[in-house]
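Peer 1: One structure coming up, written as structure tokens, with questions to follow.
The values are calculated or read from the model by the stated rules, or taken from the named source; none is laboratory data. All figures in this text were calculated on a predicted structure; none of them were measured in a lab. Reconstructed Cβ throughout: ideal geometry from the backbone, glycine too, with neighbour counts over all protein chains shown.
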């Protein structure tokens, strides 16, 4: 059985469930699932991480960032290996069947479907966060968030039910592995020099870019590059954290609730500025699939991480919104 036949069978297996969901949409339901869909987007993760970093726990914010970004990269590699098209793409009806904007549809149609990145990364992000917080109420909240993020994807028509189940399963395995091996891996990573860390990230970025290019038959046309934002943000974190530890050393739990709220909002604003610039300026360039556009995309998210993990706390220390830690 060749790849085309396999994809066709997968489409046929899930067509009834996806059709049912697409025929029972409503404005309130679309708004409801749109919110949880956002919680499983890169932008949603960034907002939550920025808040945790600015007002609660720096190390937890970094662990969550690294873990979810690597998970999304793994998801991308799985997708380009399996190469299963999204629902309604083969029939050419995705513009009518998907509950997304035409601009978003043009982006999603260049990506593959299996497994679901939202289900996979959502499981890892909120599952690991729940394990770290060890709060009974948040365990329940995390389960509901993970479930609704997964359900949102078939609802808007961009994933099969099987994609969600597979994403949840892989995500759960990653959380278990992270809880068991994080300290060991983190210790080995910290023993590497900053130059070695950055070179490793650049080499991995290029390798994934080349693998993606090969998956498209060597053509840069309609090449999906979401992983460039993942590696860009990771690179920014790797650069920012030594700067923060050596020159800033802010205490996220210090100061009043009012200052914590201001720090949280300020961090989000600084992180989102380059992200919004990417959406308004770089995305149109990426639509042309230029190499310069790819590089700008990577650099934009690098700057976003630098502003959030080093720039924001430096500003807050200077204006007295946060205290400096002794450790």
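Peer 1: Can you name the number of the only condition in (1) touching a helix residue (DSSP H, G or I) at 6+ places or on another chain (Cβ under 6 Å); (2) free of Cβ contacts under 8 Å to residues at least 40 places away in the same chain; (3) part of a loop (DSSP other than H, G, I, E, B) that residue 293 fails?
Peer 2: (3)
Peer 1: Here is a follow-up. Check whether at least one residue in region 165-177 is in the same structural domain as residue 67 (by TED's automatic domain parsing), under 19 Å from the mean Cα position of the chain (by Cα), touching a residue at least 60 places away in the same chain (Cβ under 8 Å) and more than 13 Å from residue 121 (Cα to Cα), and report yes or no.
Peer 2: No; the residues of region 165-177 include none that is in the same structural domain as residue 67 (by TED's automatic domain parsing), under 19 Å from the mean Cα position of the chain (by Cα), touching a residue at least 60 places away in the same chain (Cβ under 8 Å) and more than 13 Å from residue 121 (Cα to Cα).
Peer 1: May I pose another question? For region 25-105, which fully contained helices (runs of 4 or more DSSP H) count at least 3 residues that are within 23 Å of residue 174 (Cβ to Cβ), outside the structural domain of residue 280 (by TED's automatic domain parsing) and in contact with a helix residue (DSSP H, G or I) (Cβ under 9 Å, 6 or more places away or on another chain)? Please lay out each step first, then the result.
Peer 2: On the way: elements: 27-39, 42-55, 58-82, 94-97.
Of the helices (runs of 4 or more DSSP H) lying wholly inside region 25-105, those with at least 3 residues that are within 23 Å of residue 174 (Cβ to Cβ), outside the structural domain of residue 280 (by TED's automatic domain parsing) and in contact with a helix residue (DSSP H, G or I) (Cβ under 9 Å, 6 or more places away or on another chain) span 27-39, 42-55, 58-82.
Peer 1: OK, next. Does region 61-71 contain at least one residue that is surrounded by fewer than 19 Cβ atoms within 10 Å (Cβ to Cβ), under 30 Å from residue 249 (Cα atoms), under 21 Å from the mean Cα position of the chain (by Cα) and modelled with pLDDT under 90?
Peer 2: No, because not a single residue in region 61-71 is surrounded by fewer than 19 Cβ atoms within 10 Å (Cβ to Cβ), under 30 Å from residue 249 (Cα atoms), under 21 Å from the mean Cα position of the chain (by Cα) and modelled with pLDDT under 90.
Peer 1: Quick check on region 133-154. Is at least one of its residues in the same structural domain as residue 57 (by TED's automatic domain parsing), crowded, with 20+ Cβ neighbours inside 10 Å and not in a helix (DSSP H, G or I)? Break it down stepwise before answering.
Peer 2: Within region 133-154, the subset in the same structural domain as residue 57 (by TED's automatic domain parsing) is 133-154.
Restricting the remaining residues to those that are crowded, with 20+ Cβ neighbours inside 10 Å gives 142, 145-146, 149-150, 152-154.
Checking which are not in a helix (DSSP H, G or I) leaves us with none.
Within region 133-154, none of the residues are in the same structural domain as residue 57 (by TED's automatic domain parsing), crowded, with 20+ Cβ neighbours inside 10 Å and not in a helix (DSSP H, G or I).
Peer 1: Looking at 242, 284, which is the one that is surrounded by fewer than 15 Cβ atoms within 10 Å (Cβ to Cβ) and closer than 27 Å to residue 85 by Cβ? I'd like the intermediate steps shown before the answer.
Peer 2: Details: 242 fails: closer than 27 Å to residue 85 by Cβ.
Of the residues listed, the single one that is surrounded by fewer than 15 Cβ atoms within 10 Å (Cβ to Cβ) and closer than 27 Å to residue 85 by Cβ is 284.
Peer 1: Looking at (1) surrounded by 18 or more Cβ atoms within 10 Å (Cβ to Cβ); (2) closer than 30 Å to residue 91 by Cα; (3) at pLDDT below 95, can you tell me which one residue 218 breaks?
Peer 2: (1)
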